[in-house]
Amino acid sequence: MQSKIFNVPNTLSLVRVFLAPLVLLFLSLRIEKPISFLPEVSWGEAIAAIVFIIASITDFFDGYIARRDKLVTNLGKFIDPLADKVLVISAMLALIELNRVPAWIVMVIITREFVVTGLRLVAAAEGVVIAASKGGKLKTVCQITALIMLILNIPYGMAVMWVAMILTVWSGMDYLIKGSKIITG
């Protein structure tokens with residue numbers, strides 16, 4: 001019999017937590033040897049991108065399976081958003097080091113994550129659940145797309161990151177406006 005805590009969705013989230021440092025590692029190692037059919041991409045970048053994509057896919061499936069099979073747990077509610085943040089921040093930190101994304105953009109994105117997480121904690125203490133918004137989900141898809149493009153040196157990756165940052169600020173403001181009664185009450 002499968003444990004209620006270590007079910008498939010929670011295991012996928014935990015896998016994402018452990019894959020995140022691998023993205024950072026492969027980008028930081030700077031395995032510079034280019035791939036013959038992709039001369040703009042090194043092996044380190046390609047491996048980092050593959051790990052990042054696999055980890056990002058687990059984000060979709062853990063939520064889908066948890067809802068479909070009614071396997072939502074408190075551990076899942078905790079580990080899933082944590083895993084998302086660890087993955088995205090790991091990739092962004094490596095990209096700062098590689099001079100592919102400015103630190104201030106990463107700081108804006110991280111600040112939004114802290115603000116929304118804090119708002120959710122206050123809401124939870126009041127017995128209110130703040131679910132992910134469509135804007136927040138769109139922000140996530142845009143961030144993941146931008147990060148993949150930046151890891152692989154795909155043109156216009158930074159333009160997509162700008163869109164992701166704008167969506168990050170917009171969805172963060174949306175959460176704050178909707179949660180303002182919780183904060184002020």
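Kindly list, by first and then second residue, each pair from a residue in the range 138-151 that is under 9 Å from residue 168 (Cβ atoms) to a residue that is part of a helix (DSSP H, G or I) and not β-branched (Val, Ile, Thr), limited to pairs with Cβ atoms under 7 Å and residues at least 6 apart or on different chains.
139/164; 139/167; 139/171; 142/164; 142/167; 143/164
Suppose we filter the range 48-68 for residues that are without any contact (Cβ under 8 Å) to a residue 24 or more places away in the chain and more than 19 Å from residue 143 (Cα to Cα); how many remain? First the steps, then the outcome.
First pass over the range 48-68, keeping only residues without any contact (Cβ under 8 Å) to a residue 24 or more places away in the chain: 50, 57, 60, 64, 67-68.
Narrowing further to those that are more than 19 Å from residue 143 (Cα to Cα): 64, 67-68.
Result for the range 48-68: 3.
Would you please name the residue that is most open to solvent (accessible area, probe 1.4 Å), looking only at residues in the range 133-156 that are among the polar types (S, T, N, Q) and either in contact with a Phe, Trp or Tyr (Cβ under 6 Å, 6 or more places away or on another chain) or part of a helix (DSSP H, G or I) (or both)? It would help to see each step written out before you state the result.
Here is the first cut: in the range 133-156, the residues among the polar types (S, T, N, Q) are 133, 140, 143, 145, 153.
Now restrict to residues that are either in contact with a Phe, Trp or Tyr (Cβ under 6 Å, 6 or more places away or on another chain) or part of a helix (DSSP H, G or I) (or both): 140, 143, 145.
Values: 140: 41, 143: 5, 145: 60 Å².
My answer is 145.
Among the residues of the range 160-170, are any over 28 Å from residue 45 (Cβ atoms) and either at pLDDT below 85 or acidic (Asp, Glu) (or both)?
Within the range 160-170, not a single residue is over 28 Å from residue 45 (Cβ atoms) and either at pLDDT below 85 or acidic (Asp, Glu) (or both).
Give me the residue from the range 161-185 that is among the aliphatic types (A, V, I, L, M) and open to solvent by less than 50 Å² (accessible area, probe 1.4 Å) and, out of that set, nearest to residue 148 (Cα to Cα). Break it down into steps so the answer makes sense when it comes.
First, pick out the residues of the range 161-185 that are among the aliphatic types (A, V, I, L, M): 161, 163-167, 169, 173, 176-177, 182-183.
In the following step, the residues that additionally are open to solvent by less than 50 Å² (accessible area, probe 1.4 Å) were identified as 161, 164-165, 167, 182.
Working: 161: 10, 164: 13, 165: 15, 167: 17, 182: 36 Å.
Taking the candidates together, the pick is 161.
Look at residue 130 and say whether it is open to solvent by 30 Å² or more (accessible area, probe 1.4 Å), touching a Lys or Arg at 6+ places or on another chain (Cβ under 6 Å), touching a residue at least 40 places away in the same chain (Cβ under 8 Å) and among the hydrophobic types (A, V, I, L, M, F, W, C).
Numbers: open to solvent by 30 Å² or more (accessible area, probe 1.4 Å): yes; touching a Lys or Arg at 6+ places or on another chain (Cβ under 6 Å): yes; touching a residue at least 40 places away in the same chain (Cβ under 8 Å): yes; among the hydrophobic types (A, V, I, L, M, F, W, C): yes.
Yes.
Going by the structure shown, is residue 176 within 25 Å of residue 77 (Cβ to Cβ), in a helix (DSSP H, G or I) and at pLDDT 95 or above? I'd like the intermediate steps shown before the answer.
Working: within 25 Å of residue 77 (Cβ to Cβ): yes; in a helix (DSSP H, G or I): yes; at pLDDT 95 or above: no.
Considered against the rule, which asks whether it is within 25 Å of residue 77 (Cβ to Cβ), in a helix (DSSP H, G or I) and at pLDDT 95 or above, residue 176 comes out as no.
The values are calculated or read from the model by the stated rules, or taken from the named source; none is laboratory data. Just so you know, these numbers come straight off a predicted model, no measurement behind them. A quick note on method: Cβ atoms are made from the backbone with ideal geometry, for glycine too, and the neighbour counts reach across all protein chains shown. These accessible areas exclude ligands, DNA and RNA; they are computed on the full protein's heavy atoms, side chains included. Shrake-Rupley method; radii C 1.70, N 1.55, O 1.52, S 1.80 Å.
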